[in-house]
Structures are given as structure tokens and as C-alpha cells.
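The numbers here are math on the coordinates, done by the rules we state, and not lab data. If you're wondering where the values come from, they're calculated on a predicted model, not measured in any experiment. Cβ sites come from the backbone with ideal geometry, for glycine too, and all protein chains shown count toward neighbours.
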């Protein structure tokens, strides 16, 4: 299934390069870009001193203002691109971030996260966990160098014959169908009629070789677990 709606998760003051990459990715496949700018709320202070609470509330208000200012900046950038887009800002508690982003990702075909997200480790870990496990949608992590693409030349599939692996492959068929080569990796596979079959990996190789009627180069790598 083609990716028609792509969600980009970004932090406040993320590098413009990440946003430009998301824009070009959507332009490449004529997709709608949905951007959610996330600011994690400062955790509450320990203790109950009134002066500490006041400082904490002021900090939260300052972070909310930063979020609003950055959303306005991103909107100005997107408005000049000519692509279809939507934009929202989310000020959320750290504990809720994963669930909120996972729920938001359910309404997109793919979630992308730029390399600049690594500068906020708390947000990055919660965004990945939430979008990966709570959305039933694939995610694409941008490399630190180079650019993202929905038309990769080489694809590696980690395969263990599980339901989860099958769902992951199904979600990535758009990538796989356009690839020049696909490498299937199995780690210490066991030949078992009820699991991997007598030739581990052969079934998934046959399936991938005929998707969308295209032939492709399929190779195996069997690793023994240490």
C-alpha cells in the first residue's frame, strides 16, 4: 500500500534539515505531511515549597511559549512548500508522551523521525516506543548522515517466522517492492515444520520474489547465535 499520509515527530528547535527531508520525502511520493511538534513538560519538583512550585509553573509556561513560537515558525516554512500538510503542537507529560504519539500515529501510513530527535533522548525513546508498539504502523528513523528515502536500493529483512516478523514485512512491502536487492537474515534458525519449515527462510524468499510481479535479487545470511 502506498504511503499517502506521513507523520513527522519533531522536537522544539529541531534542525531545519530534518523538516526539509520530511518535506522532500512527501514530495517524492505525493503524500500528505502531518507534523507534530512535541515539548515534554518539565517534571514536578520534589518537595512542596511554594517558591519551588512557582518556579516550576513559570518554567512550564516558558516551555509552552517556546512550543507555540516554534510551531508558528514551522507553519511559515511549510506554507511555502506547496505540499499538503497539517501541523500541531503537543505539550505533554513525559509519562504520557509514548501513548499520545502512538495514538496519533495510528492515523498515518508511516511515521518518520529525523536524526535531530536524538538531542532529546527522553522524547526520542518515548516516541519510538509509542509509535512502534502502539500504532500498528511502521516507523522510519533518519540516518545521521545522508537522507531518508522511500525508494531504497537495498533492503535487509530480519526474519524468524513469527507473526510480528510477518506484520513487519507486510508493512514494509512498499520498500521491498522497489528494491534492487533484498537480503533475508535468519539468526540460528531451526528447521521445523511447525515454525521455519525444512528450509528456513525459503517460504519468505518465495513470497518476496513474486510480490507485485517483480523479480529481485534475494540472498540469505544465516547467523549462529553466540
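Just a few scattered comments:
- Filter result for residue 122 (in a helix (DSSP H, G or I) and loosely packed, with under 15 Cβ neighbours inside 10 Å): yes
- The range 161-186, residues that are part of a strand (DSSP E or B) and surrounded by 14 or more Cβ atoms within 10 Å (Cβ to Cβ): 182, 183, 184, 185, 186
- Within the range 140-160, considering residues that are in contact with a helix residue (DSSP H, G or I) (Cβ under 9 Å, 6 or more places away or on another chain), free of Cβ contacts under 8 Å to residues at least 40 places away in the same chain and not in a loop (DSSP other than H, G, I, E, B), the one surrounded by the fewest Cβ atoms within 10 Å (Cβ to Cβ): 158
- Of the helices (runs of 4 or more DSSP H) that lie entirely inside the range 1-116, those containing 3 or more residues that are surrounded by fewer than 13 Cβ atoms within 10 Å (Cβ to Cβ) and without any contact (Cβ under 8 Å) to a residue 60 or more places away in the chain span 50-78.
Each row is one residue, and each column tells you yes or no for (1) closer than 17 Å to residue 135 by Cβ; (2) under 14 Å from the mean Cα position of the chain (by Cα).
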position: 2; (1), (2): no, no
position: 6; (1), (2): yes, yes
position: 18; (1), (2): no, yes
position: 24; (1), (2): no, no
position: 28; (1), (2): no, no
position: 40; (1), (2): no, no
